[in-house]
Every structure is written in C-alpha cells, then in structure tokens.
1. So, in segment 28-56, of the ones that are under 22 Å from residue 104 (Cα atoms) and in a loop (DSSP other than H, G, I, E, B), which residue ends up least open to solvent (accessible area, probe 1.4 Å)?
2. Quick one: in segment 98-123, of everything that is of a type in the set (S, T, N, Q) and under 30 Å from residue 70 (Cα atoms), which residue is most open to solvent (accessible area, probe 1.4 Å)?
3. Just the residues that are open to solvent by 90 Å² or more (accessible area, probe 1.4 Å) and within 14 Å of the chain's Cα centre (by Cα), please, taken from segment 57-70.
4. Go through segment 71-97 and count every residue that is outside any helix (DSSP H, G or I) and either touching a residue at least 40 places away in the same chain (Cβ under 8 Å) or open to solvent by less than 70 Å² (accessible area, probe 1.4 Å) (or both).
5. If you take the residues of segment 1-27 that are surrounded by 12 or more Cβ atoms within 10 Å (Cβ to Cβ) and of a type in the set (A, V, I, L, M), which of them is modelled with the lowest pLDDT?
6. Looking for whichever is touching a His at 6+ places or on another chain (Cβ under 7 Å) and on the phi < 0 side of the Ramachandran plot here; the options are 69, 74, 117. Which one fits?
7. Does residue 126 count as surrounded by fewer than 13 Cβ atoms within 10 Å (Cβ to Cβ), at pLDDT below 95, part of a helix (DSSP H, G or I) and out of contact with any strand residue (DSSP E or B) (no Cβ under 8 Å at 6 or more places or on another chain)?
Amino acid sequence: MSVSEWKGDGEAMCPHRLVLEHVTSRWGVLVLIQLLDRPYRFSELRRAIGSLGGRGVSEKMLTQTLQTLERDGLVHRDAKPVIPPRVDYSLTGLGREAAEQVRALARWTEQRMDDVLSARRAYDEARDVRSRAS
C-alpha cells in the first residue's frame, strides 16, 4: 500500500473501525441504549438522554448522531406526512443487535467501576512514588 493510498478515505480503509466509532461515541451509546426501550420522537429522545445525568445533548449533535446511525443502518427514521410533522426514531434489527452489545458493556462498566477506581488509585500512587524517587 502506498502512502497516497493510506491518506485516502478512512471509511474505505477501515469501515469496521468507523462503525465502531459511531456505535461507541459519546452520544451514539446513549441513543442506542435509549432506543432499546421504544421508538422516540426527536424532542422526547433529547429529553430522555438529558435525564440520564451529565450534560444534555445539543440538537445539532443529536441530529448528527441520528443521521450517522441511520446511514449505518442502525436507526430507522419514520417521517409521517402530517401537520405538524412527526418523526419517530427506532432501532432496526441491526441496531437492536448493536444496542444490546453496547448496553452489556455499559452494564459491565457500572458493575466494575469500583475495581476501575481502585486500579486508578493504585496506578496514581505508584506513579507518585516513582516520580518522587527520580
């Protein structure tokens, strides 16, 4: 592979890595997990994600995340031709499969957080000892 080929389209080079980025992105994780429960309208989904704690998602970021997940075949956008417009978002079969995996990882992090914090403390203490010795 030449250097010029490597500088090409990242999607063509490593498509699975790009999908993994979308699924595990800050907002992708929350969108997928939330949509496991049921279909949501845009504003409902935004509020639901905001209620999970932390800073809420902006309209722009939620729109981009939904469009990206829709392009990857994980989210279905159902726009109904009514006034006012109604758009519902739901998971596709592929999206449900990915969301289950993401939710399992999220549950694992919740269950193992004490171990992670303990490991961080041990690392930081060891690093402090090494830096004082230098």
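1. Residue satisfying both the conditions and the ranking: 36.
2. Taking segment 98-123 and keeping what is of a type in the set (S, T, N, Q), we get 101, 109, 111, 118.
Adding the requirement that they be under 30 Å from residue 70 (Cα atoms) leaves 101, 109.
Numbers: 101: 130, 109: 58 Å².
Among residues in segment 98-123 that are of a type in the set (S, T, N, Q) and under 30 Å from residue 70 (Cα atoms), the one most open to solvent (accessible area, probe 1.4 Å) is 101.
3. So in segment 57-70, the residues open to solvent by 90 Å² or more (accessible area, probe 1.4 Å) come out as 59-60, 67.
Selection gives 67 alone.
4. Here is the first cut: in segment 71-97, the residues outside any helix (DSSP H, G or I) are 72-92.
Remaining after also requiring either touching a residue at least 40 places away in the same chain (Cβ under 8 Å) or open to solvent by less than 70 Å² (accessible area, probe 1.4 Å) (or both): 72-75, 78-79, 86-92.
Residues meeting the conditions: 13.
5. Ranking the qualifying residues of segment 1-27, first place goes to 13.
6. Numbers: 74 fails: touching a His at 6+ places or on another chain (Cβ under 7 Å); 117 fails: touching a His at 6+ places or on another chain (Cβ under 7 Å).
One residue alone meets the criteria, 69.
7. On the way: surrounded by fewer than 13 Cβ atoms within 10 Å (Cβ to Cβ): yes; at pLDDT below 95: yes; part of a helix (DSSP H, G or I): yes; out of contact with any strand residue (DSSP E or B) (no Cβ under 8 Å at 6 or more places or on another chain): yes.
So residue 126 fits the description; yes.
The values are calculated or read from the model by the stated rules, or taken from the named source; none is laboratory data. This structure is a prediction, so every number in the text was calculated from the model and none was measured. Quick reminder, even Gly has a Cβ in these numbers, built from the backbone with ideal geometry, and neighbours come from all protein chains shown. SASA here: full protein model, heavy atoms, side chains in, ligands and nucleic acids out. Shrake-Rupley method; radii C 1.70, N 1.55, O 1.52, S 1.80 Å.
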